[in-house]
1. With each pseudo-label sitting 7 Å past Cα toward Cβ, what's the Gln48-Glu22 distance in nm, one decimal?
2. Work out how much length Glu76 to Tyr57 would gain on full extension: take 0.36 nm times their residue separation and subtract the Cα-Cα distance, in nm to one decimal.
3. On a full-extension model of 0.36 nm per residue, what is the gain between Ala87 and Ala38, subtracting their alpha-carbon distance, rounded to one decimal in nm?
4. Debye calculation, C-alpha points only, no solvent: report log10 I(q)/I(0) for region 19-80 at q = 0.20 Å⁻¹, in the same order as the q values.
5. Quick one: if the Förster radius is 22 Å, what FRET efficiency do Arg69 and Met14 give, using the C-beta to C-beta distance and rounding to 0.05?
6. Rank these for me by crowding, Glu41, Glu17, Glu22, going from fewest to most other beta carbons within 10 Å.
7. As a footprinting exposure proxy, order Ser30, Ser72 by other Cβ within 10 Å, with the fewest listed first.
Amino acid sequence: MITSPTVVTEVTAMAPEQTVFELWCRLTGSDLVTFDEAEREAFLARPQVPALAATPYDVLLDAGITAARRGSLPLERWLAAARLARAAPARR
């Protein structure tokens with residue numbers, strides 16, 4: 001009898017802070033693999049990261065697209081845009 005190998009896949013939830021880092025990389029055109037562990041930890045230690053991580057993904061993405069300029073996305077500007085987007089009344 002021939003059996004096919006069993007493939008086990010595991011899906012783990014990404015920490016919200018890691019989502020912020022990966023989205024920042026995408027929005028700035030930075031390659032994730034070019035950051036070593038110390039650089040990644042320094043990014044995640046920035047004071048704006050917890051507030052960005054608490055922001056809903058759709059708001060974070062829209063605010064990031066709005067705040068990014070020519071491959072630059074300062075976290076302060078991204079957080080300000082996210083706060084404005086959250087404070088704005090919902091569009092219908």
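No value in this document is a laboratory result; all are computed from the given coordinates. As the structure is a computational prediction, the values presented were derived from the model and not from experiment. Neighbour counts are summed over all protein chains in view; Cβ atoms, including those assigned to glycine, are modelled from backbone coordinates with ideal geometry.
1. It is 2.1 nm.
2. On the way: separation 19, 0.36 × 19 = 6.84 nm, distance 1.71 nm.
Once the chain is fully extended between Glu76 and Tyr57, it gains 5.1 nm.
3. Values: separation 49, 0.36 × 49 = 17.64 nm, distance 3.44 nm.
Here the segment from Ala87 to Ala38 would lengthen by 14.2 nm.
4. Computed log10 I(q)/I(0) values: -0.72.
5. Once the sixth-power term is evaluated, E becomes 0.25.
6. With the fewest neighbours first, Glu41, Glu17, Glu22 line up as Glu41, Glu22, Glu17.
7. Numbers: Ser30 15, Ser72 11.
Least crowded to most crowded, the residues run Ser72, Ser30.
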